[in-house]
Amino acid sequence: MKDELNIPLFEMIICLSEAIDLISQEVNGHHKRVAYIANSIATEMGLSEQEQRDLIVAGALHDAGAFSLRERLNALEFEESCEYDQGEKSEHAEMGYKLIKRFKPFAKIAPLIRYHHVLWDGGKGAEIDGDAIPIGGHILHLADRVDVLINKKIDILNQKDDICRRIERESNEMFIPEAVEAFLSLSKKEAFWFNTTSSNLTRILAKKSGSERINLNLDGLLSLARLFSDIIDFRCQFTATHSSGVAASAEILAELAGFKRKECVMMKVAGYLHDLGKLAVPPEILNKPAKLTKREFNIIKQHPFYTYRILDRVNGLEEINHWAALHHERLDGTGYPFHYNEDYLPIGSRIMAVADVFTAVSEDRPYRKGMRKDKVLNILKDMSSESALDAEIVLIIEQYYDEINRVR
Ligand SMILES: [Fe+2]
Ligand SMILES: [Fe+2]
Ligand SMILES: [Fe+2]
């Protein structure tokens, strides 16, 4: 078996972009619209096809560094850019740059994200600290501000003239004049506005991005998982240590269960991603230092479903998705959200379910200390005798507890 996964680049970008959007419904679709507007401006300006495609990627991920809702809403104020003097960097743009550049396939678009809030300022914005700012950075800035000006509650054609006037006023101030000119000529086409606000934008972007695929070897796969988990981690410190604990326990359990090397790495990746859907759960609920109410628990129940739906975007990640997203399913069919039972649940999902419970009860929580060996094993054995967890995997934990706990 080849130690590589071949993955469609566009699907992976959309998957990440939607994961980022989960954090706040208020910004829903902002990333895709910015991707579309930026790409259209680049096309209108006659930039190379590569530059046009790069702007789709950069647009889809540009606010990855804004972690809290507050930061996100700030990023949606039109005047936000003005808070930064030339030379001073926007914090979320700098953070997004650092996150994105660590994943090699995205490294080359990272500078566009870094500079997506730099003012043109009569040409002074052509460089910052001696670094030339790529034209794509300025285009991204303009596209981002155009979307911020769109009032999602008003019919688009009834507001486009106001938007254009506002943007034109900022030509050579906030924005590079060439891009403004291209935008103004685009804005004459109703189709540009209809596409921007279309509920089918993913399909429209897919067509523009082409069918490029990337090969991820095991290292590449792990660095993708780390990119996701960094985005999750900044959101919630306690989920951060939890995900890496589950990743480590799942990997060693897979190894002890006789999985091949590639599959063990895939298990680790699935462990990092299993709680991805928690991005959609408000931190007050995630961090609540007391028992959850029924209403709160119903919100928590959404998380494996979101993990599933987001990873399901990417062809080639099916197996990892099953292992990750089915971690709350139980062999007797009493789990959630799909109520699969032992006829359906693959061994990887069973390992993940055990790794998740094992890690959860062993680690400190805001309201209790982590449990010790005896208690942990009792809980796991009870769950396996009730046919909730797989008895053979629980047996592996019993036999290798110290080793597995050390890795966790
Ligand atoms: Fe931004
Ligand atoms: Fe933005
Ligand atoms: Fe978990």
Quiz prompt | Residue with peak Gaussian network fluctuation, the chain [Cα springs, cutoff 10 Å], from N315, N172, N200 | solution = N200
Self-check item: Top of P337, P346, P289 by mean-square fluctuation, Gaussian network on the chain, Cα under 10 Å
Solution: P289
Quiz item: If you rank M12, M267, M383 by fewest surrounding Cβ atoms within 10 Å, what's the result?
Solution: M383, M12, M267
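Order of 384-393, 159-168 by packing, highest average Cβ count within 10 Å first? Write down the numbers at each step before the final one.
Details: 384-393: 17.1, 159-168: 15.2.
Per-residue mean Cβ counts within 10 Å order the peptides as 384-393, 159-168.
Just subtract the alpha-carbon distance of D219 and R372 from 0.36 nm times their residue separation and send over the number in nm, one decimal. Display every interim value, and only then the final one.
Details: separation 153, 0.36 × 153 = 55.08 nm, distance 3.38 nm.
Fully extending the segment from D219 to R372 adds 51.7 nm.
Please compute the contact order of the range 9-213 in relative form: average sequence separation of alpha-carbon pairs under 8 Å and at least six residues apart, divided by the residue count, as a percent. Intermediate values should be presented prior to the final figure.
Values: 279 pairs, mean separation 51.6, N = 205.
Computed value for the range 9-213: 25 percent relative contact order.
Could you please report the charge total around N378, scoring K, R as +1 and D, E as -1 over all other residues with beta-carbon less than 15 angstrom from its beta-carbon?
Details: positive: R372, K373, K375, K381; negative: D374, D382, E386, E398.
Its environment carries a net charge of 0.
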Practice problem: Once you've got the Cα coordinates, tell me which of K32/K188; K288/K369; K294/K373; K32/K153; K32/K278; K262/K373 are over 23 Å apart. | Solution: K294/K373; K262/K373
Quiz item: Measuring from label point to label point, each 7 Å out along Cα→Cβ, what is the A290 to E392 span in nm?
Solution: 4.5 nm
Quiz item: Per-residue HN-Hα couplings for the range 314-319, Karplus 6.51 cos²θ - 1.76 cosθ + 1.60 at θ = phi - 60°, whole Hz, x for Gly and Pro?
Solution: 10, 5, x, 9, 3, 5
Quiz item: For the chain, what class follows from the C-alpha gyration tensor (a ≥ b ≥ c being the square roots of its eigenvalues): rounded when a/c is under 1.5, otherwise prolate if a/b is larger than b/c, else oblate?
Solution: prolate
Quiz item: What is the distance in Å between the Cα centres of the range 267-311 and the range 203-265?
Solution: 17 Å
Self-check item: Angle in degrees between helix 9-22 and the longest Cα principal axis of the chain, rounded to the nearest 10
Solution: 80 degrees
Quiz item: Between F175 and residues 5 or more places away or on another chain, which pairs have amide H atoms under 5 Å apart, with H built 1.01 Å from N, and which residues are they?
Solution: W120, D121
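Given axes a ≥ b ≥ c from the Cα gyration tensor, I'd like to know whether the range 9-213 is rounded (a/c under 1.5), prolate (a/b larger than b/c) or oblate. Each step should come with its number before you reach the end.
Numbers: a/c = 1.22, a/b = 1.01, b/c = 1.20.
The shape class here is rounded.
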Quiz item: What nm value, rounded to one decimal, do you get for the distance between E4 and E319 when each label is placed 7 Å out toward the C-beta?
Solution: 1.6 nm
Quiz item: Which of these, S223, S209, S185, has the largest mean-square fluctuation under a Gaussian network model of the chain (Cα springs below 10 Å)?
Solution: S185
Quiz prompt | Angle in degrees between helix 30-44 and the longest Cα principal axis of the chain, rounded to the nearest 10 | solution = 40 degrees
Quiz item: Counting other Cβ atoms within 10 Å, which trypsin sites (Lys or Arg not before Pro) in the range 198-282 have at most 14 and lie in a DSSP loop?
Solution: K260
Quiz item: Which cross-chain or sequence-distant (5 or more) residues have an amide H under 5 Å from the amide H of R365, H modelled 1.01 Å from N in plane?
Solution: G370
Quiz prompt | Charged-residue dipole, Cβ positions (Lys, Arg, Asp, Glu), the chain about Cα centre, Debye nearest 20 | solution = 760 debye
Practice problem: Can you tell me which of 133-144, 299-310, 394-405 comes out highest on packing, and rank the rest after it, using the mean Cβ neighbours within 10 Å? | Solution: 133-144, 299-310, 394-405
Quiz prompt | Formal net charge of residues neighbouring L345 (Cβ-Cβ distance under 12 Å; K, R +1; D, E -1) | solution = -3
Quiz item: Can you list residues whose amide H is under 5 Å from I214's amide H, if they're 5+ apart or on another chain and H is modeled 1.01 Å from N?
Solution: I7, L9
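Does the range 217-407 come out rounded, prolate or oblate by the C-alpha gyration tensor, with a ≥ b ≥ c the root eigenvalues, rounded set by a/c under 1.5 and, if not, prolate when a/b is larger than b/c and oblate if not?
Numbers: a/c = 1.23, a/b = 1.01, b/c = 1.22.
Taking the square roots of the gyration eigenvalues as a ≥ b ≥ c, the range 217-407 is rounded.
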Practice problem: Return the calculated 222 nm mean residue ellipticity for the chain, to the nearest 500 deg cm²/dmol, obtained by summing -39500 (n - 2.57) across DSSP H runs with n ≥ 4 and dividing by the residue count. | Solution: -18000 deg cm²/dmol
Quiz prompt | Degrees separating the helix 373-385 axis from the principal Cα axis of the chain, which is the longest one | solution = 90 degrees
Quiz item: Once you list every other residue whose beta carbon is under 14 Å from the beta carbon of Y401, what net charge do they have if Lys and Arg are +1 and Asp and Glu are -1?
Solution: +2
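Just so you know, all these numbers are worked out from the coordinates, no wet-lab data involved. Here the structure is a predicted model, which means the values were calculated and not measured. Cβ atoms come from the backbone with ideal geometry, glycine included; neighbour counts cover every protein chain shown.
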